[in-house]
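A.B. asks: Please read through the structure below; I'll follow up with questions.
The values are calculated or read from the model by the stated rules, or taken from the named source; none is laboratory data. What you are looking at is a predicted structure, and each value in this text was computed from that prediction instead of being measured. For neighbour counting, all protein chains shown are included, and Cβ atoms are generated from backbone atoms with ideal geometry for every residue, glycine included.
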Amino acid sequence: MASISVDKKTGLKRLLFNLGEKRVTIHMGKPYARKPEEHSMKDRRQEAQAHRIFCAHIDALITASDKQESIAPDTAVWVKGLAKGLLGKLGALGLTQERRRGPISIGTFVDEYLQKKTNIRERTRINLKQTRGLMVEFFGDKDMAKIYRGDAEDFRSFLISQKKLTEGSTVSRHMGRARQYFEAAIRRKIITENPFKGDGMPSCKVRGNPERFYFVTQAEAQKLIDVAPSTEWRLLIALARYGGLRTPSEPLALRWADVNWERSRIRIPSSKTAHQGKDHRWIPMFPELRPYLQDAFDEAQDGSEWVITRSRDSDINLRTQLGRIAGRAGLTLWEKPWQNMRATRQTELNEVYPSHVVAKWMGNTESVANEHYLMLTDEHFERVAGVSEKPAQKAAQYKPETVRNGSKPSDAVKTKIADLTGKTGDLRHLTIPHIVYPLPPRRFELLLPG
């Protein structure tokens, strides 16, 4: 075990350790500027801590040399910061040279990798382990250095054909995690190339799947709420459908202290975005949501901390119970019910408020919303055709304009408007919801949505 002492004759620091059967002494550092007994207690503590860290890295170098393994990543970083003189002395003893460790399987590597990843959410850890299991099932104990591009392509085919996973977002997520593992192995000098990365490999980017989109109408949401078994279940549904919360993680993290009744705002803790420095966001207390929140507050016991007191496990499967509720309501549960309700709310809000404002409320970005949340609905078509009996809120904010500057629409424009509205004749003061046709000074131009 390495240690640091002071030579009594010279006052120089010296490093002592055993290398095999040999006792090694390396002189390192100038004499103290003042006598050790003149140092303050704080100075001594700091120096002792620095010595412990220094010796721990020396021991790690010795262990790696004995086992002919690669140097640990944190020790490798420390070595790069050493003074040239000391680095040369350690190098002469063969302690700082890079070595490739023996064959390592994907299962062994991922286990070591996850053990060191202490700053990830538990849900993320579970997902990473799922990909690890699939890779071990396919690759077995095969050395990571002998997994090539063709093997990566075969793994993708295995996920689709044998595991029957959805070709798209699900497969892309597993392929992305596999790429992550091999990138980490490259950083640790275990392998030199990533077979899951490069030209010819399908993108690992997770894209929205319109086939799984579903717009949950307020009537459908109300049917669920009406047959929900408890006040808390009614609130859970309302938080997802009218608050746009990620369920179950965000409702289960919600405390009564987060509810600001006076300002009609709710602080939403968000573990998903915490690693980005955004551990919470604020949303309005939407009018549709407030009654269910008030009911839960009225039923809460004095001193209650959590808004949702039952089913506190964030990994609980709420979908099964929601399926039973949907059955009682006479509804067929959608493929991604909680996500569908959240996406529905963002689609609704985008019709009324600026997209950057809605993205802040929802805790995502405009680009993510466009890819994974916003939907094309029947209401959009009906509104253009003028047959919607209940236009969305945004329609009420539009102020259709009329033909200005004395210009007259052409026959082609009259025909187009007649096709849309079923009206003919004098169209000068015709009001058409969501069709706005501002006129430049000298010509008529009809602007249609889309």
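A.B. asks: I'd like to verify a number: residues in the range 232-269 that are closer than 14 Å to W282 by Cα and among the β-branched types (V, I, T), how many?
C.D. replies: Adding up the residues that qualify gives 3.
A.B. asks: Do you know which residues across the range 5-43 are outside any loop (DSSP other than H, G, I, E, B), modelled with pLDDT under 75 and closer than 22 Å to L82 by Cα?
C.D. replies: Within the range 5-43, D43 is the sole residue that qualifies.
A.B. asks: Go through the range 48-59 and give me each residue that's surrounded by 14 or more Cβ atoms within 10 Å (Cβ to Cβ) and modelled with pLDDT under 85.
C.D. replies: Scanning the range 48-59 gives a single hit, H51.
A.B. asks: Out of the residues in the range 237-269 that are of a type in the set (S, T, N, Q) and part of a loop (DSSP other than H, G, I, E, B), which is surrounded by the fewest Cβ atoms within 10 Å (Cβ to Cβ)? Don't jump to the end; show me each part of the working.
C.D. replies: Of the range 237-269, the ones of a type in the set (S, T, N, Q) are 247, 249, 260, 264.
Going one step further and asking which of them are part of a loop (DSSP other than H, G, I, E, B), we end up with 247, 264.
Values: T247: 22, S264: 12.
Result: S264.
A.B. asks: Still on this structure: Can you pull out every residue in the range 253-274 that is over 17 Å from D295 (Cα atoms) and modelled with pLDDT of 90 or more? If you could, list the steps in order and put the result at the bottom.
C.D. replies: Residues of the range 253-274 that are over 17 Å from D295 (Cα atoms), as a first pass: 253, 263, 267-274.
The answer is A253, R263, R267, I268, P269.
A.B. asks: Here's something else I'd like to know. Consider the range 279-330. How many of its residues are farther than 17 Å from T247 by Cβ, part of a loop (DSSP other than H, G, I, E, B) and of a type in the set (A, V, I, L, M, F, W, C)? Let's see the steps before the verdict.
C.D. replies: Going through the range 279-330, the residues farther than 17 Å from T247 by Cβ turn out to be 279, 282, 284-285, 287, 290-291, 294-295, 297-305, 327-330.
From what's left, part of a loop (DSSP other than H, G, I, E, B): 279, 285, 287, 300-305, 329-330.
Cutting the leftovers down to of a type in the set (A, V, I, L, M, F, W, C) gives us 285, 300, 329.
Qualifying residue count, the range 279-330: 3.
A.B. asks: Report, ordered by the first and then the second residue, all pairs with beta carbons closer than 8 Å, sequence separation of six or more or different chains, a first member in the range 54-67 that is polar (S, T, N, Q), and a second member that is assigned to a helix (DSSP H, G or I) and surrounded by fewer than 19 Cβ atoms within 10 Å (Cβ to Cβ).
C.D. replies: none
A.B. asks: Okay, next question. Out of the residues in the range 318-347 that are over 18 Å from Y373 (Cα atoms) and of a type in the set (S, T, Y), state the one that is surrounded by the fewest Cβ atoms within 10 Å (Cβ to Cβ). So that I can check it myself, show each step before the final result.
C.D. replies: Within the range 318-347, the first condition is being over 18 Å from Y373 (Cα atoms), and the residues that meet it are 318-333.
Then keep just the ones that are of a type in the set (S, T, Y); that gives 320, 332.
On the way: T320: 9, T332: 7.
Among those that are over 18 Å from Y373 (Cα atoms) and of a type in the set (S, T, Y), it is T332.
A.B. asks: Test of understanding: among G243, G277, which residue is at pLDDT 95 or above and small (G, A, S)? Quick ask: steps written out before the conclusion?
C.D. replies: Details: G277 fails: at pLDDT 95 or above.
When all the criteria are applied, what remains is G243.
A.B. asks: I need the full set of residues from the range 241-297 which are of a type in the set (K, R) and under 16 Å from A343 (Cβ atoms), in order please.
C.D. replies: At the first step, the residues of the range 241-297 found to be of a type in the set (K, R) are 241, 246, 255, 263, 265, 267, 272, 278, 281, 290.
R241, R246, K272 - these are the residues of the range 241-297 that are of a type in the set (K, R) and under 16 Å from A343 (Cβ atoms).
A.B. asks: Sort out which residues of the range 362-377 are touching a residue at least 24 places away in the same chain (Cβ under 8 Å), out of contact with any Lys or Arg (no Cβ under 7 Å at 6 or more places or on another chain) and in a helix (DSSP H, G or I), and write them in order of number.
C.D. replies: Our first condition is that a residue be touching a residue at least 24 places away in the same chain (Cβ under 8 Å); within the range 362-377, this holds for 362-363, 371-375, 377.
Retained after the next criterion (residues that are out of contact with any Lys or Arg (no Cβ under 7 Å at 6 or more places or on another chain)): 362, 372-375, 377.
Within the range 362-377, M362, H372 meet the criteria.
A.B. asks: Any residue at all in the range 393-402 that is crowded, with 19+ Cβ neighbours inside 10 Å and either outside any loop (DSSP other than H, G, I, E, B) or modelled with pLDDT under 80 (or both)? Explain how you work it out, then say what you get.
C.D. replies: First pass over the range 393-402, keeping only residues crowded, with 19+ Cβ neighbours inside 10 Å: none.
No, the range 393-402 contains no residue that is crowded, with 19+ Cβ neighbours inside 10 Å and either outside any loop (DSSP other than H, G, I, E, B) or modelled with pLDDT under 80 (or both).
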